[in-house]
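Read the figures in this text as sums done on the coordinates, not as results from a lab. Small disclaimer: the values here were computed from a predicted structure and weren't measured. Glycine also receives a Cβ, built like all others from the backbone with ideal geometry; neighbour counts cover every protein chain displayed.
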Amino acid sequence: MIDFNFSIPTKVLFGAGRLDELKREPLPGRFALVVVSAGKAMRENGYLDRVLEALKHQGIEYLIFDKIRPNPSKADVMEAAQLARDNFCDFVVGVGGSSTIDAAKGAALMARNPGDLWDYIVTGSGKGKPVKNKALPIVAVMTTSGSGTEVNPWMDITDEELHEKIGFGVPSTFPTLSVVDPELMLSVPPMMTVIQGFDAFFHAAEGFIAKIATPISEAFSLQVIRLIYKNLPKVAQDGSDIEARTNVALAGLLSGMVQSTSSCTSEHSMEHALSAYHPELPHGAGVLMISEAYFSFFAKYVPDRFIKMAHMMGEVTDGLPEEEKPYTFVRALHKLKEKCGVDGLKMSDYGIQADEMETLARNAHKTMSNLFAMDRYTLSLQENVDIFKAAYR
């Protein structure tokens, strides 16, 4: 019997040029906190000005918080929340990539709730207190594609002192409105485009093999895998290809829907450990470096699902021995990495040392134990260490 629930309450404006509609779209208040990254791209490309112009057009006042870094920190989230609280902001607008939107979600939540974000985190050293008050409404303006944060409630925040990077969310941290305009992604450099696109791919693959997958999430997952396989190499070669950009953006959006209807698995727990200790590591790069060792390990446990994913990547399994068929997905993944120019990524390039593997595995099990519970096979700590070692170079 099939039995499931799902809700994705976010309104999405998707397509080239849709940012202009923010001038006319009803917004959830009259005073906004606008959250952007600490970098220059949002200003230099004019994206922040266009969002501010839309707010002004609707007579909405705003404050700007522009300190968000990749792998956003709890300290920055709490500072943004305090700014929103002190100035009685009605809603929060995140303008940027996944780090910025995740930080905007955290600020919106903590603007209405007392204490520290880690009071509510349910894994790691979090206290697991119930969240009593809904977050401020959140508007997401995406300038990258990959995480799907625009249509899910999850935020990945790092406590840098504790070396804990943890995913967390509640129903009210779903964005109220998200704008996904592929024209805003034309300026993303090729390497970052590819890294972000693979993040969407792995959200889909993990969501497909997770034990809570549903017919809805499976449909989203397979579509993401198909879109990324066909379009990410094109964007890697020509970032101005707006049709391919649009398809990659659609894959990113659908990968967020996977995360709202299924779940990531322990691969993401393992990456969180990497970037918790090495915050300069882009999340997508971390997952990329783990991926082949990880999926090679799991292929034998859910072979039918690996075969279906391989078929979505154009692989033919007819005539192969049954035990070989699941591994066609891993080979197709390697070929996709080669086409996109990221098959040479190495942990050592980011300062990760070979003797860290046990520390990283213990961190993954402690801080993101909930995702290990989504696996169809329960990884031991030693098996986790072995996957890290197999991926290391």
Ranked packing of 55-63, 138-146, 264-272, most packed first, by mean Cβ within 10 Å: 138-146, 264-272, 55-63
Angle between the chain longest axis and helix 283-298 axis [Cα atoms, degrees, rounded to 10]: 30
Rounded if a/c under 1.5, otherwise prolate or oblate - region 1-80, Cα gyration tensor axes: oblate
Whole-number percent relative contact order across region 336-393, with pairs defined as alpha carbons under 8 Å at least 6 apart: 47
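Provide the net charge surrounding Lys389, with neighbours chosen by a C-beta distance below 11 Å and charges set as Lys +1, Arg +1, Asp -1, Glu -1. All intermediate terms of the calculation are to be shown ahead of the outcome.
On the way: positive: Arg393; negative: Asp355, Glu356, Glu358, Glu383, Asp386.
Here the charged neighbours net out to -4.
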Under 17 Å from the Cα of Lys234 - aspartates and glutamates, other chains or at least 8 residues apart: Glu183, Asp199, Glu243, Glu338, Asp343
Per-bin percent of Cα-Cα distances, the chain [10 Å]: 5, 25, 35, 25, 9, 1, 0
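How much length is gained on full extension from Glu161 to Arg43, taking 0.36 nm per residue of separation minus their Cα-Cα distance? Please report the intermediate quantities before stating the final value.
Values: separation 118, 0.36 × 118 = 42.48 nm, distance 3.04 nm.
Value of the extension gain: 39.4 nm.
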Sorted peptide list for 244-254, 348-358, 1-11, criterion being average Cβ within 10 angstrom, highest first: 244-254, 348-358, 1-11
Residues with amide H under 5 Å from that of Phe65, placed H, sequence gap 5 or more: Val34, Val35, Val36
Kirkwood hydrodynamic radius of region 251-393, Cα pairs, Å: 15.9
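Using alpha-carbon pairs under 8 Å, 6+ residues apart, how would you state the relative contact order of the chain in percent? Numbers along the way, then the final one.
Numbers: 807 pairs, mean separation 62.6, N = 393.
That works out to 16 percent.
Rounded to the nearest 5, what % of DSSP beta bridges with both residues in the chain are antiparallel? Kindly include the intermediate steps, with their values, before the conclusion.
On the way: 5 of 29 bridges.
Antiparallel bridges: around 15 percent, rounded to the nearest 5.
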Helix 357-367 vs. the chain, principal-axis angle (Cα, 0 to 90°, nearest 10): 50
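Can you sort Arg376, Arg305 so the residue with the fewest Cβ neighbours within 10 Å comes first? Please list the in-between numbers first.
Numbers: Arg376 13, Arg305 21.
The fewest-first ordering by Cβ neighbours comes to Arg376, Arg305.
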Chymotrypsin sites (Phe, Trp or Tyr not before Pro) within region 120-222: DSSP coil, no more than 12 neighbouring Cβ in 10 Å: none
Sum of side-chain charges, Asp199 neighbourhood, beta-carbon under 15 Å (Lys, Arg +1; Asp, Glu -1): -4
Listed residues Leu288, Ser145, Val194: farthest to the positive end of the dipole of the chain (Cβ charges): Ser145
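When the helix-only estimate is applied to the chain (DSSP H runs of n ≥ 4, each -39,500 (n - 2.57), divided by the residue count), what is the mean residue ellipticity at 222 nm, nearest 500 deg cm²/dmol?
Taken over the chain, the calculation gives -14500 deg cm²/dmol.
Could you work out how much longer the chain between Tyr350 and Phe88 gets when fully extended? Use 0.36 nm per residue separation minus the Cα distance between them, nm to one decimal. Please list the in-between numbers first.
Working: separation 262, 0.36 × 262 = 94.32 nm, distance 4.08 nm.
Contour length minus Cα-Cα distance gives 90.2 nm.
Below 8 Å between Cα atoms, with a sequence gap of 6+, how large is the relative contact order for region 1-96 in percent? Present the calculation step by step, with values, prior to reporting the outcome.
Working: 96 pairs, mean separation 38.7, N = 96.
Worked out over region 1-96, it gives 40 percent.
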Degrees, to the nearest 10: 381-391 long Cα axis against longest axis of the chain: 90
Region 133-240: GluC sites (Glu not before Pro) in DSSP coil with no more than 11 other Cβ atoms inside 10 Å: Glu161
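So if R0 is 56 Å, what FRET efficiency would Asn133 and Asp318 give, r being the distance between their Cβ atoms, rounded to the nearest 0.05? List each step's numbers first, then the result.
Values: r = 56 Å, r/R0 = 1.00.
Given R0 = 56 Å and the Cβ-Cβ separation, E is 0.50.
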Nearest-0.05 FRET efficiency for Asp238 and Ser369, computed from C-beta distance (R0 41 Å): 0.45
Tensor-based shape of region 223-333 (alpha-carbon gyration tensor, a/c under 1.5 rounded, otherwise prolate or oblate): oblate
Among 41-49, 315-323, the order from most to least packed when residues are scored by Cβ within 10 Å on average: 41-49, 315-323
